[in-house]
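A short write-up of the structure that comes next.
None of the figures in this text is laboratory data; all of them are computed from the coordinates on show. Just so it is clear, the model here is predicted, and its values are computed rather than measured. Here Cβ is always computed from backbone atoms with ideal geometry, including for glycine, and neighbour counts include all displayed protein chains.
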Amino acid sequence: MVSPPNDLTGVGGGMPRSSSHNDILQADAPVAVLNSDTSANTNIPGTSRILRRPRSFQPLAPETVAAPTIQPVPAPIASPPPQQEPIVQRQAAHEVQHRARSRVEAQAQARDAQVHEAGTRERHERGTQEVQAANTASLPTIRVSLPDTNSLREQRERTMSTNNELDKLRWSVQVLKFVERMRASETEIDESVQIWIEEAITEIVQCASHPQPKPEALYARGDLLASGAFPTYVSKDLRSAFSDFERSARMGWAPSWFRIGRDYEMLGDIARARAAYGRGVNLSDVGCMYRIGMAKMLGQLEVPEDMPGGASLLQAAADASTVDTPHPAYVYGLILTGELPSVPIPLEYFASPEHPSPTYETLMPLGREYLQRAAYLNLPAAQSKCGWCYEHAQLSFPFDPLMSVQYYSAASQGGEPEADMALSKWFLCGAEGCFDKNESLAWTFAERAAKHRIPTAEFAMGYYLEVGIGTKIDLVAARAWYGRAAAQGNTDAAQRLAALESSQSEALSRAQHQAHLNERLYSAHQEARKGLRETQPTRGDLARRRTLMMAEASAQRRRAPRDARAPPVTSQNLHIPSLPATARPMRAPQSFSDMGYQPRNDKDCVIC
């Protein structure tokens, strides 16, 4: 407890004395008293202390006393306080001291109350978190957390404080990958990130231009030059990119061998491609193990067919999949579940002590693990596949609307248009006990999917405009959308278009729409729900909120610019531009000229 102020602590600290200054100064008989304690009056040296009787205690007749040896304390300059009776002064002092003590005690009690309240609040929050954790124990984290603006800012501050060149290089690479993800999801990039782009590219180029560069820096610059993703800062230069890949590969950077092998394979130089992939396999590169494994199973790259060896390499690549190379886990999962008929691999090559005679039924749980691993590594195709499996209770996945929406939302944020259409269907009908229907979200996701020329999404846009789902009824725009979907072979769109063009037919009503939902979507979900185990734990409100927040975030992050949305949805502006399919970036050069090389018969092999 804090002590009271010094002016209230007692006589030594300035408390009012029992007699006034006038009484002391006017006393006729000073008395010298010896005392060993000299701390009571620091102005008087030695061991003698002068006491003077107040006037009220002076004798009637003067007494003969010894002359004092020490001068009396001089009177203060300020006017003396008014005289009070000693008992009144003591009472006033006690009251002041009591008030001060009460004030200090009140402050201490207030602090104790705050500490108690903070502790109670912390215990309550901890208990709430434990309850929430119990509710979401069966709701796993479905994807790895990738760097965002905040984490990149923190990483930048750490690298600037340490001034480590390798840390700066890796931060720069993460910045460029983050920008590419934001572009793929059609998300607006923050102004601070725009500033970081130039800083990151400058750092990569400087590190790679060092007289003794790190192989990681050479690979990063080669990737930057080969992609041409930032032409404002670095022009696309395939020749220089190949040179950087070659130098970094010679220095032991394993991923560079895959880039070299892929370029040679695209150019038709199979021998050099096979040699590059082989060197990557010796360094346990994921991409090279995957490519050689598939080549052995399918007899590609002029490699003798070797099913056991190919399956072993493919499994090793799937187990070693990373965020940068998640495809091996996805492909291996599809093979185990029988979802990749283009790769006919006899099941006996997947035999194990647990399954000496494997079947697709016995391999499906293992295949599911690999699919979820690829989804966890943020492969949009794998995330969309997991969402479909949870929706339809396929491939050993249980029926789970919340998990389905979460996986679809993750795939949508990764730029997967099929996931957008799947989310539109989910929010068109909702899921009993999980989330209600949301026609506004249904419209948003369908509009985005339709921009990628998906026939089912174009049909959905016409259907929503005809019924008035998430927007106003507009039959003219509905016909336009139906026409686009029918042109791509959608039979439902052709039927609705014919019905609307018939003079005797009317637009679908809400009642007809509900009947359609019951016939199509609700029945499909009920069929999938049949296999749901009654012992499966139910999701709590927190899980539902988390799922809906994820879907809302996906809808907000991938808002297409207004001028990029097509076609217009009102009859006042019916021009429907012929949008091409979503352009895919070129993955590799198509000729030696593209790479800047002039092929010669006597050209030495730069790899072998």
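The set of residues from segment 208-256 being acidic (Asp, Glu) and assigned to a loop (DSSP other than H, G, I, E, B) comprises just one member, ASP237.
Looking at segment 416-472, which of its residues are at positive phi and under 29 Å from the mean Cα position of the chain (by Cα)?
Result: GLY430, GLY433.
When the criteria are applied in full, GLY367 meets the requirement of being in contact (Cβ under 8 Å) with a residue 12 or more places away in the chain and over 23 Å from the mean Cα position of the chain (by Cα).
Considering only residues in segment 180-207 that are assigned to a helix (DSSP H, G or I) and among the acidic types (Asp, Glu), the one that is surrounded by the fewest Cβ atoms within 10 Å (Cβ to Cβ) turns out to be GLU191. The conditions of being under 21 Å from ALA555 (Cα atoms), hydrophobic (A, V, I, L, M, F, W, C) and touching a Cys at 6+ places or on another chain (Cβ under 6 Å) are not met by ALA449. Among the residues making up segment 279-298, those that are within 17 Å of ARG250 (Cα to Cα) and either among the small types (Gly, Ala, Ser) or part of a loop (DSSP other than H, G, I, E, B) (or both) are GLY280, LEU283, SER284, ASP285.
Inspection of segment 259-272 identifies at least one residue that is closer than 22 Å to LEU377 by Cα and touching a helix residue (DSSP H, G or I) at 6+ places or on another chain (Cβ under 8 Å).
The set of residues in segment 345-385 that are basic (Lys, Arg), closer than 12 Å to LEU334 by Cβ and buried (at least 20 other Cβ atoms within 10 Å of the Cβ) contains only LYS385. Of all residues in segment 267-309, those that are of a type outside the set (A, V, I, L, M, F, W, C) and over 18 Å from THR325 (Cα atoms) total 13.
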